[in-house]
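Okay, so here's the structure we're looking at.
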Amino acid sequence: MRRKPALLVDHTKLRYNMNTVVHWCDQAGIEVAGVIKCPTGLASVARDYEACGARMIASSRLEQLARAKAAGVELPMLMIRVPMLSEIADMVEICEYSLQSEYTTLKATDEAAIRADKVHNVILMADLGDLREGYFDKDELVAVAKYVEDVLSGLQLVGIGTNLGCYGSVVPTREKMEQLVEYAEAIEKKIGRELQIISGGATSSLMPVFDKEMPARVNMLRIGAAVFAGPLEDLRVNYGRKEMDILHDDVFTLEAEVIEVKTKPSHPIGKLGVDAFGQRPHYVDRGNRRRALLAIGRADYGDIDDIIPQLEGAKVVGASGDHTILDIEDCAERLRVGDIVKFKLRYSAIMHLTASENVFTYDI
């Protein structure tokens, strides 16, 4: 019997999603760096990426990449968060590649690589308007690239990249991708050789792939969300991309146990203040309703909008840190204490659940 709450990982469906995304990218001449950040670096997920044709394993957390390497994954490891100075020595040991956007960090990485008798591969990040990491000024980017090329013997400049959509919600249009290529070509002119990698972003950059508008020189994407959440991922939700519908949306399934079933008022009774998270929720008075209390809460999955009950007629109406409340008045199935309710999950919930020490993960 599986302990609860349980997170089930269906690797057959996961590999289907991975193979589909790798095929989409391959048709556009793009290699996939498989991002394992969402499932908190599960080694089994990294092995699936390797089997499905990803060319690198990527994460923003060194411990996740170290875990994949320790599990026998032989693909190069890519650090996709600009590294902290305090972790550079470890990064050089664990990772063959990193995204970089600071002169000080580049210099420290160079020194660590020389000490370790290694050559570390760097991808310089260009900020094309999303306003997260990267060089915003093209001339500065080109100058730093020239410095890495000519001065930092412990580093190999292999390419440039960008990130779109994660902070500023900027859409990765063809124009943005052409701007990235323009920056790459300016660097190439300055250093006198061609860059190996032009990394056009993450899952959101599948849009120009779908539209056959991705410039030919963009040859790498860093993909995670599409393979884990499929049609529930923001590319489908926000942009209505029906191409995502062929992907499985139940690679990860949450099982939560019912610990109370009662009929209660749907609006709290008494003077209202803030909830356990310091917020003032809006309550709708629908009279007395039958409700199920589950032994899992926001401390485990984050936002209630990111878990989707598979019980027909059930609706998540609220949660505290350790409890989730389902309205089950309209369910044909009569839940009892001890019953299990299953949920599909959006990206954010998967990330929280795989990191929770109170949730038990099972491969199926």
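Every number here is computed from the coordinates shown, using simple stated rules; none is lab data. Being a predicted model, the structure only gives us computed values, none of them experimental. All Cβ positions, glycine included, derive from the backbone under ideal geometry; neighbour counts span all protein chains shown.
Tabulated results
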quantity: Test: residue in the stretch 54-66 that is under 21 Å from Ala116 (Cα atoms) and touching a residue at least 60 places away in the same chain (Cβ under 8 Å); calculated: no
quantity: Candidates Ala292, Ala226 - the one that is surrounded by 17 or more Cβ atoms within 10 Å (Cβ to Cβ) and closer than 16 Å to Arg346 by Cβ; calculated: Ala226
quantity: Count of residues meeting criterion [farther than 21 Å from Ala229 by Cα and of a type in the set (Val, Ile, Thr)] in the stretch 298-325; calculated: 3
quantity: Filtered residue count, the stretch 341-364, keeping only those that are within 22 Å of Leu42 (Cβ to Cβ) and assigned to a strand (DSSP E or B); calculated: 8
quantity: Some residue of the stretch 59-77 being among the charged types (D, E, K, R), under 18 Å from the mean Cα position of the chain (by Cα) and either more than 29 Å from Asp26 (Cβ to Cβ) or part of a loop (DSSP other than H, G, I, E, B) (or both); calculated: yes
quantity: Selected residue (only one of Gly192, Gly201 is under 22 Å from the mean Cα position of the chain (by Cα) and at positive phi); calculated: Gly201
quantity: Leading residue by the ranking (surrounded by the fewest Cβ atoms within 10 Å (Cβ to Cβ)) among those in the stretch 114-131 that are part of a loop (DSSP other than H, G, I, E, B) and out of contact with any strand residue (DSSP E or B) (no Cβ under 9 Å at 6 or more places or on another chain); calculated: Asp117
quantity: Condition check for Gly165: in a loop (DSSP other than H, G, I, E, B), of a type outside the set (A, V, I, L, M, F, W, C) and either buried (at least 21 other Cβ atoms within 10 Å of the Cβ) or in contact with a Pro (Cβ under 9 Å, 6 or more places away or on another chain) (or both); calculated: yes
quantity: Hey, Thr253 buried (at least 20 other Cβ atoms within 10 Å of the Cβ) and within 28 Å of Leu14 (Cβ to Cβ) or not; calculated: no
quantity: Residues (of a type in the set (D, E, K, R) and touching a Ser or Thr at 6+ places or on another chain (Cβ under 9 Å)) located in the stretch 51-102; calculated: Arg61, Arg81
quantity: Breaking point among (1) closer than 30 Å to Val171 by Cβ; (2) in a strand (DSSP E or B); (3) touching a Pro at 6+ places or on another chain (Cβ under 9 Å), for Leu254; calculated: (1)
quantity: Qualifying residue in the stretch 186-202 (condition: part of a helix (DSSP H, G or I), touching a residue at least 24 places away in the same chain (Cβ under 8 Å), within 20 Å of Ile80 (Cα to Cα) and not aliphatic (A, V, I, L, M)); calculated: no
quantity: Given (1) buried (at least 21 other Cβ atoms within 10 Å of the Cβ); (2) among the charged types (D, E, K, R); (3) under 29 Å from Asn17 (Cα atoms), index of the condition Arg55 fails; calculated: (1)
